[in-house]
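The values are calculated or read from the model by the stated rules, or taken from the named source; none is laboratory data. Nothing here was measured: the structure is a model prediction, and the numbers come from that model. Here the Cβ positions follow ideal geometry from the backbone for every residue, glycine too, while neighbour counts run over all protein chains shown. Quick note on the areas: whole protein, heavy atoms, side chains included, nothing else; ligands and nucleic acids left out. Shrake-Rupley method; radii C 1.70, N 1.55, O 1.52, S 1.80 Å.
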Amino acid sequence: MRIKIALKVNGQQKSLEVDADRTLLEVLREDFRYHGAREACGAGVCGACTVLLNGKPVSSCLLLAWMADGAEIETIEGLAQGEKLHPIQQAFVEEGAFQCGFCTPGMILAAKSLLDQNPEATEEQIKDYMEGNLCRCGSYPKVIKAVKSVQAKMGGGQGAK
Amino acid sequence: MLSDFEYVVPDNIADMCDVLKQYGAEARVLAGGTDLLVQMKRKGVQLGYLVTGRSLGLNYITDGPQGLRIGAFVTLSEIERSGLVRQKYPIILDAVMKMASPQVRNLATIGGNLCNAAPSADLAPPLLALDAEVTVFSQSGERRLQLEDFFLGPGLTALTNGEILSEIRVPQLPPTWGGAYLKQQRTAEDIAIVGVAASMLISHNGCASNVRIALGAVGPTPVRAVKAEAFLEGQLINEEKFKRAGEIAREECTPIDDVRASAMYRKRVVEVLTKRALKEAASRSLALSS
């Protein structure tokens with residue numbers, strides 16, 4: 001069964017026909033060639049498939065594409081403005097907050113959503129909010145450092161380090 | 001991967017009941033999908049029809065003389081952001097904050113959590129401690145039942161074919177009511193090994209009344225520890241009594257050994273968490289009466 005859906009992806013209006021059984025993750029990767037979101041666990045636990053839906057992080061591996069009809073989706077590919085990295089991306093680079101990079105798009109998007117909602121988040125709140133993003137390389141301490149450095153640059157946060 | 005299914009978007013709740021009745025076991029309600037999609041991907045659940053409730057308007061959180069009313073399709077994140085829940089029913093927030101992750105909470109719903117009916121469902125113990133009722137809609141109209149009567153076994157609810165859970169209701173609470181939910185879990189995002197909700201009113205002379213203790217993940221369904229409740233009812237509260245209540249509650253559950261924990265461990269944790277949840281509930285109640 002196919003359905004026509006319309007959604008905004010990284011600021012661009014998209015209309016397409018999808019099979020009822022395709023997930024948003026599949027559509028993003030296969031139809032739009034946005035490969036930043038990945039399917040790792042496929043069960044909504046690891047966070048590698050994290051994208052922002054109307055500004056909020058969701059597990060796109062569990063979201064059927066037609067359920068996202070009418071939504072605004074942001075993927076990692078939409079963060080940079082041309083060559084200019086988003087401050088969170090820049091901080092991840094400067095702090096070395098990734099090793100293999102597999103979890104990184106999800107981490108950055110989760111961090112973006114957190115800071116958009118709560119720029120003054122404490123370290124505890126950062127950890128709680130990002131509990132849905134797992135990293136097999138163990139980049140967590142650097143991820144937290146990167147998020148805090150963005151806060152410091154924005155003039156907020158609870159102090160770097 | 002997923003089987004070839006059709007989707008149905010009913011315009012109203014009556015249509016949804018008709019669709020569910022018509023397709024029977026081939027159809028399931030799709031709310032947040034965070035349990036259903038996993039079951040379809042990993043547990044071999046195959047469906048002909050997914051019936052979505054997005055157009056039903058069952059996404060309200062209201063408070064009034066009849067108490068708190070939450071539509072079944074309210075997401076966990078919406079509950080998390082609700083000032084009303086935070087202020088008047090914080091025990092529900094205790095549970096929501098321990099569930100899954102933000103990515104899942106932005107999709108998952110309260111109705112889905114209850115209808116999935118895992119013995120470990122985190123919303124169940126707090127709602128049981130709140131004497132919650134559920135509203136069930138069908139072709140013959142509405143019926144209401146106590147949440148205690150809603151869970152029949154692991155993954156089994158009192159919903160029959162063609163019925164849908166539409167609303168959760170919690171009676172108005174006295175202003176000095178205090179309650180807390182504690183969860184034992186291995187890591188972040190884990191389901192409960194043990195979940196304990198406790199609530200009570202403390203009168204000016206220090207006696208507890210309307211004591212409720214509800215246990216999750218330690219039986220085929222979430223259960224009330226009625227003997228432990230009866231032990232405390234009307235009693236002057238103190239640490240010793242909470243400890244004793246924990247010991248009684250320990251014997252009121254029937255956990256199993258599984259990958260997360262042994263039955264023996266779970267019983268021991270019930271004992272400890274019951275004591276701690278009672279303490280926290282008492283403390284919250286006292287804070288409100290001072």
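Within the protein assembly as shown, antiparallel bridges make up roughly 85 percent of the DSSP beta bridges whose residues both belong there. Put simply, the range A:56-120 fits an ellipsoid with semi-axes of 23, 14, 13 Å; these come from the alpha carbon gyration tensor as the roots of five times its eigenvalues, largest first. Any chance you could check the range A:10-52 for residues losing 50 Å² or more of accessible area when the partner protein chains are in, compared with the chain on its own (1.4 Å probe)? Those are A:D21, which lose 50 Å² or more relative to the chain on its own. A straight line joining the Cα centroids of the range A:100-159 and the range B:238-268 runs 37 Å. Look at the stretch A:54-62: the mean tally of other chain Cβ atoms within 10 Å of its residues' Cβ atoms is 6.
Using R0 = 30 Å, the C-beta based FRET efficiency linking B:Q235 and B:L145 works out to 0.50. Over all other residues within a Cβ to Cβ distance under 13 Å of B:G24, the charged ones net out to -1, with Lys and Arg as +1 and Asp and Glu as -1. Past 27 Å, Cα to Cα, is the threshold; run B:K88/B:K183; A:K56/A:K145; A:K56/A:K148; A:K8/A:K127; A:K56/B:K275 against it and keep the listed order. A:K8/A:K127; A:K56/B:K275, as the Cα separations exceed 27 Å there. I need the fraction of alpha carbon pairs in chain A separated by more than 23 Å, rounded to a whole percent. Of all Cα-Cα pairs in chain A, 36 percent lie more than 23 Å apart. Here each label is just a point 7 Å from Cα along the line to Cβ, and for A:D69 and A:M1 those points are 1.1 nm apart.
With the largest listed first and rounded to whole Å, the semi-axes of the equivalent ellipsoid of the range B:162-290 from the Cα gyration tensor are 25, 19, 13. Applying the Karplus relation 6.51 cos²θ - 1.76 cosθ + 1.60 with θ = phi - 60° to the range A:114-119 yields 3J(HN,Hα) values of 4, 5, 5, 8, 9, x Hz, where x marks Gly and Pro.
Within 10 Å of the Cβ of each residue in A:127-135, the mean number of Cβ atoms contributed by other protein chains is 4. Taking the Cα atoms of the range B:66-126, the ratio Rg/Rh between the radius of gyration and the Kirkwood radius comes to 0.92. Phi angles of the range B:94-107 translate, via the Karplus equation with coefficients 6.51, -1.76, 1.60 and θ = phi - 60°, into HN-Hα couplings of 3, 6, 4, 5, 9, 8, 6, 8, x, 4, 7, 4, 6, 10 Hz per residue; Gly and Pro are given as x. Residues whose amide H comes within less than 5 Å of that of B:E6, counting only those at least five positions distant or on another chain, are B:Y49, B:L50 (H built at 1.01 Å from N in the peptide plane). Here the Karplus relation 6.51 cos²θ - 1.76 cosθ + 1.60, evaluated at θ = phi - 60°, turns the backbone of the range B:116-128 into coupling constants of 5, 6, 5, x, 8, 3, 5, 7, 5, x, x, 5, 5 Hz, with x for every Gly and Pro. Where Rh is the Kirkwood radius over the Cα pairs of chain B, the temperature 25 °C and the viscosity 0.890 mPa s, what D in µm²/s does Stokes-Einstein return? Value of D from the Cα-based Kirkwood radius: 126 µm²/s. For A:K14 and B:M97, a Förster radius of 45 Å and the Cβ-Cβ distance give a FRET efficiency of 0.85, rounded to the nearest 0.05. The Kirkwood radius of the range A:76-161, taken over pairs of alpha-carbon atoms, gives through the Stokes-Einstein law at 25 °C and 0.890 mPa s a diffusion coefficient of 193 µm² s⁻¹. If R0 is 35 Å, the Cβ-Cβ spacing of B:V226 and B:S262 corresponds to a FRET efficiency of close to 0.90.
Please say if the protein assembly as shown is rounded, prolate or oblate, where rounded means a/c under 1.5 for a ≥ b ≥ c the square roots of the C-alpha gyration tensor eigenvalues, and otherwise the choice is prolate for a/b larger than b/c and oblate otherwise? The shape class here is oblate. The mean of 1/r over all distinct Cα pairs in the range B:1-136, once inverted, gives the Kirkwood hydrodynamic radius of 15.8 Å. Distances between placed amide hydrogens fall under 5 Å for A:L63 paired with A:L24, A:L25, all partners being 5 or more residues away or on another chain.
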